[in-house]
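Student: Questions regarding the structure given below will be posed in turn.
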């Protein structure tokens, strides 16, 4: 009987361990694992002192609180462009090629509470010897000491229209890519996806339903940067595109 109880307890622990999940969010929207996002807005107050700084609002949410026995690690790998700084779990870490911070408590501000959006601050900034710049990095997070189970996404911080417009956008269950003024899309199922575009002041500029694979012309829209959303009935993913 004792042996059966021990096996059952081990199975319960295994199920609980497998159930713990981490999720990155940007501006309240879930970032798909393996996806890409582009942050193109900068801190105008820093511009007043001659510094061009991007500060994306990235948050991390975990179904299990961090602890000494079950820590949570956030890692940022610099891939290209300008250098950046990571501030997480109560500490700010200076630039290195790979930098990481680990939470071992559930305390707000210095750790990771359960089911709570926790700020992961990334700063990419430089003195205004240039007015257009780009930083690219890979952001990852995982429970425990097994980085092979990490979730991750690629983050671009850029105000370069060429960079912003040239990135394929990975959604919750497919991919869209802007080629000139043609939006190419690919979804593994025929389920309907509502694609909407908004001007930077919040006015709806376009709305279309996407199914499977295909392309949509955006010739009727004016030049400029737009915010888009894709809704599949369960999730909403947003991003930005630039039309020339």
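The values are calculated or read from the model by the stated rules, or taken from the named source; none is laboratory data. The structure displayed is predicted, hence computed values, not measured ones. Every residue, glycine among them, receives a Cβ derived from its backbone with ideal geometry; neighbour counts consider all protein chains shown.
Student: Quick check: is even one residue across region 61-71 touching a strand residue (DSSP E or B) at 6+ places or on another chain (Cβ under 9 Å), modelled with pLDDT of 80 or more and not in a loop (DSSP other than H, G, I, E, B)?
Tutor: Yes, because at least one residue in region 61-71 is touching a strand residue (DSSP E or B) at 6+ places or on another chain (Cβ under 9 Å), modelled with pLDDT of 80 or more and not in a loop (DSSP other than H, G, I, E, B).
Student: Residue 55 - would you say it is under 17 Å from residue 158 (Cα atoms) and in contact with a helix residue (DSSP H, G or I) (Cβ under 9 Å, 6 or more places away or on another chain)?
Tutor: Yes.
Student: Which residues, taken from region 139-174, are modelled with pLDDT of 75 or more and surrounded by fewer than 16 Cβ atoms within 10 Å (Cβ to Cβ)?
Tutor: Of region 139-174, the ones modelled with pLDDT of 75 or more are 139-158.
Correct list: 144, 145, 146, 147, 148, 149.
Student: Could you grab me the full set of residues in region 72-100 that are buried (at least 18 other Cβ atoms within 10 Å of the Cβ) and assigned to a loop (DSSP other than H, G, I, E, B)?
Tutor: Residues satisfying the conditions are 82, 84, 89.
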